[in-house]
Amino acid sequence: MSTKPMSANLMAADAPVARTAPAPRPGILDIAPYVPGTSVLPGAGPIVKLSSNETPLGPSPKAVEAYLDEAARLARYPDGSAWPLREALAVEHDLDPARIVCGAGSDELLNLVAVAYLGPGDEAIFTEHGFLVYKIAILARGATPIVAPETNRTADVDAILARVTARTRMVFLANPNNPTGTYLPAAEIERLHANLPGHVVLVLDGAYAEYVRRDDYEAGAALVAVNHNVVMTRTFSKIYGLASLRIGWAYCPDAIADTLNRIRGPFNVTGPSIAAGVAAIGDRAHMEAAVAHNERWLPEMVTHLAGIGLSATPSVANFLLVHFPDTPGKTAREADTYLHERRIILRRVEEYGFPNALRMTIGTEPENATVLDALTAFMGTA
């Protein structure tokens, strides 16, 4: 029993404690924040913005109407499991709705998978020119990112497998990839999965899947259906034109879906977003119009760009990675400045390993013509 007077004990309890500033976990401040494409420019006047891979057709009018109809219910919480959206997705893609998890954009779901399955001492693999969010998600969990080189700006299955170790817990693969627009056929994805250890989660990011019109492509649902360690993520931000609403979804094995549902935020998809998503799925004609527009303009832009001395990586998505010469005065950085002066925004991609390229979204016909006219003048081929 203490022999100190009670007053002394109280004084000790009240003594000031040395305080320091809160500090994030080790490694957090080493993460480079994700920087989206430029969306504004100084000055006044319209902007041709082809920097974020948004659909030139905009959202379905039916989706806009459904969104506006939700205004009278803003005081009510949405369905906590986003059931109407999951049900619509299941019908559209012939999936089990119990294995669909919805989120605030596919970015949230990519991060949730990392939260659930990565930690200090683990490794996760992504490819050389892969989506920057993968590295951020890996580092945020204290895990180690491992980069697999690509071949001809395309993911290389053998290079990925060569980097699998006893500490590998996850492989992130965008298919098609951003910012290259290249893809791996289903047979290569199956070969990758067949050679991964069973405890490694293969995350297939199909953000641009709806644009792909190749007989040998499969977004990943078929692989998820018969395996316990594959997750497919998708988004409504691209072909559905609902980027501002932040709607994503994942198709998972039962156990992984259960895990993600335990850690996702409550009501993480808003009521207006759920309603707009359901309506967008139902408007197939609008989506097919977006596909047709892309199928027309993707090869046309490649041809026109080649005519002015610019090459583009073959793409199956809704954008092109445009490569510039090393000639002083004709580089990508100088082209970017030139285009900004004319109120045109493409995407700089140095952080993806392409210091002399710009990524261009396929825009409307007038937008595409404006960009081509400007690049023609820049290259001096007018």
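For the reader, a short list of remarks on this structure follows.
- Residues of the stretch 1-26 that are of a type in the set (Gly, Ala, Ser) and modelled with pLDDT under 85: Ser2, Ser7, Ala8, Ala12, Ala13, Ala15, Ala18.
- Test result for Glu365, in contact (Cβ under 8 Å) with a residue 60 or more places away in the chain and closer than 26 Å to Phe131 by Cβ: no
- Qualifying position, being surrounded by fewer than 21 Cβ atoms within 10 Å (Cβ to Cβ) and either over 21 Å from Thr313 (Cα atoms) or of a type in the set (Val, Ile, Thr) (or both), among Ala137, Ala166, Ala159, Ala186: Ala166
- Hey, Thr259 crowded, with 20+ Cβ neighbours inside 10 Å, polar (S, T, N, Q) and in contact (Cβ under 8 Å) with a residue 60 or more places away in the chain or not: no
- For the stretch 337-362, the set of residues classified as part of a loop (DSSP other than H, G, I, E, B) and within 27 Å of Glu150 (Cβ to Cβ) consists of Leu346, Val349, Gly353, Phe354, Pro355, Asn356, Ile362, listed by residue number.
- Condition check for Ser106: under 30 Å from Arg163 (Cβ atoms) and of a type in the set (S, T, N, Q): yes
- Selection from the stretch 28-44 of residues that are assigned to a loop (DSSP other than H, G, I, E, B), under 25 Å from the mean Cα position of the chain (by Cα) and at pLDDT 85 or above: Ile31, Ala32, Pro33, Tyr34, Leu41
- Exactly one residue out of Ala290, Ala332 is of a type in the set (Gly, Ala, Ser), in contact (Cβ under 8 Å) with a residue 12 or more places away in the chain, in contact with a His (Cβ under 9 Å, 6 or more places away or on another chain) and crowded, with 17+ Cβ neighbours inside 10 Å: that is Ala332.
The values are calculated or read from the model by the stated rules, or taken from the named source; none is laboratory data. All values reported here derive from a predicted model rather than from experimental measurement. Every residue, glycine among them, receives a Cβ derived from its backbone with ideal geometry; neighbour counts consider all protein chains shown.
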